[in-house]
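Chemist: Sharing a structure with you now.
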Amino acid sequence: MTDKKESCQCDERQAIKKEIALKATVSAIKKKILVLSGKGGVGKSTVSTNLAVGLSQKGYHVGLLDIDIHGPNIPNMLGLEGFPPMITDMGVFPIKMYDNLHVISIGFFLEGKDTPIVWRGPLKHRMIEQFLSDVRWGELDYLVVDSPPGTGDEIISIVQLLDKVDGAVIVATPQDVALADVRRSIRFCIEGSIPVLGIVENMSGFVCPHCGNTVEIFKTGGAERLAQEYKVPFLGKIPIDPKIVQAGDDGKPVMIYYPDSKPAEAFSNIINKITEVLKV
Ligand SMILES: Nc1ncnc2c1ncn2[C@@H]1O[C@H](COP(=O)(O)OP(=O)(O)OP(=O)(O)O)[C@@H](O)[C@H]1O
Ligand SMILES: [Mg+2]
């Protein structure tokens, strides 16, 4: 009987400790940005990494948190795979990309690249909670959260755990089918009182490297029209560019690899719009 009571009190104390640690982490983050989309493969991780890198290049202290538990791509996209975070009595130390850019992803903790994750909602919630409560993020100007497609368990958890998300960046591709999914993301933000920082139209036109003409592979302008319809800002278009694929595969985002490229210029403009709205 006494044993049961003691273990109960111990659990309670652990829960209170976690709660305090979570509050401490969250209150040390000035602005929290959630990158989301209704659809998979539209470029969320590409946008998240370039956003985080671009913000750090401007001198801000940035954290990049990958909550795509089933498909954590951030370690690969930043060339950080194979560097497990240091776990100490004082907590987990995020991976340092630069002095002012730190990264956490479930990908850092998996044994093999092909390890499947078969967790259900409550386990995912606990993992995301630990990414905040147990990780020593320190003081951050911006936390950029890369999310899985849709508005499932992970997104609901992070929104709840962060207490208040300062802004959502919604990534879309221009074709109509993808735009139907974007509507769901916008509605999710509106219903959850998450301010929409704006929509990014990714894979918007391809500039032929030979003749210089633009080919609208997935059409263009759809996301801009949708932004007008929902009265949310349009953040900009990012063209289809093989440099983005190469940079992502080589673990060096275009903001680092090709800083003078069209996509890097587009990301820079988007970052300027975001920092204008979310001042720290
Ligand atoms: N503008 C672009 N031009 C060319 N390739 C791009 C562009 N944006 C993204 N890609 C490529 O498309 C692929 C998917 O991008 P990414 O992983 O960022 O999408 P995602 O939305 O995060 O996907 P998931 O839903 O699986 O998490 C990657 O190989 C990436 O390099
Ligand atoms: Mg992704």
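The values are calculated or read from the model by the stated rules, or taken from the named source; none is laboratory data. These figures come from a predicted structure and were not determined experimentally. Note that we place each Cβ from the backbone using ideal geometry, even for glycine, and neighbour counts take in every protein chain shown. The accessibility values were calculated without ligands, DNA or RNA, using every heavy atom of the protein model including side chains. Shrake-Rupley method; radii C 1.70, N 1.55, O 1.52, S 1.80 Å.
Chemist: Accessible area of the stretch 28-277 with a 1.4 Å probe: how many percent of it is carbon plus sulfur?
Modeler: 53 percent
Chemist: Tally the DSSP beta bridges in the stretch 28-277 and give the antiparallel ones as a percent, rounded to 5.
Modeler: 20 percent
Chemist: Using a simple spin-label model with points 7 Å from Cα along the Cα→Cβ vector, what separation in nm is obtained for Arg126 and Ala15?
Modeler: Modelled inter-label distance: 1.3 nm.
Chemist: In deg cm²/dmol and to the nearest 500, what is the mean residue ellipticity at 222 nm of the chain if only DSSP H runs of at least 4 residues count, each as -39500 (n - 2.57), divided by the residue total?
Modeler: It lands at -13000 deg cm²/dmol.
Chemist: Now for a different question. Once Lys and Arg get +1 and Asp and Glu get -1 on their Cβ, which of Val42, Leu110, Met90 lies farthest toward the positive end of the dipole of the stretch 33-146?
Modeler: The residue sitting farthest along the positive end of the dipole is Val42.
Chemist: Oh, and also: With a sphere of radius 15 Å drawn around the Cβ of Pro233, what net charge do the other residues whose Cβ falls strictly inside it have (Lys, Arg +1; Asp, Glu -1)?
Modeler: -1
Chemist: Which pairs in the list Lys58/Lys273; Lys31/Lys273; Lys44/Lys231; Lys30/Lys58; Lys237/Lys273; Lys58/Lys243 are over 19 Å apart, alpha-carbon to alpha-carbon?
Modeler: Beyond 19 Å: Lys44/Lys231; Lys58/Lys243.
Chemist: When 1/r is averaged over all different Cα pairs and the result inverted, which Kirkwood radius in Å belongs to the stretch 28-277?
Modeler: One decimal place: 18.2 Å for the Kirkwood radius.
Chemist: Subtracting the Cα-Cα distance from 0.36 nm times the residue separation, let me have the gained length for Val280 to Arg187 in nm, one decimal.
Modeler: Extra length available between Val280 and Arg187 comes to 30.8 nm.
Chemist: Express the accessible area of the stretch 28-277 per residue in Å², computed with a 1.4 Å probe while the remaining protein chains stay in the model.
Modeler: For the stretch 28-277, the solvent-accessible area averages 45 Å² per residue.
Chemist: Related question: So which aspartates and glutamates pass the test for Lys279, namely a Cα distance under 16 Å, with those fewer than 8 places away in the same chain ruled out?
Modeler: Glu139, Asp141, Asp166
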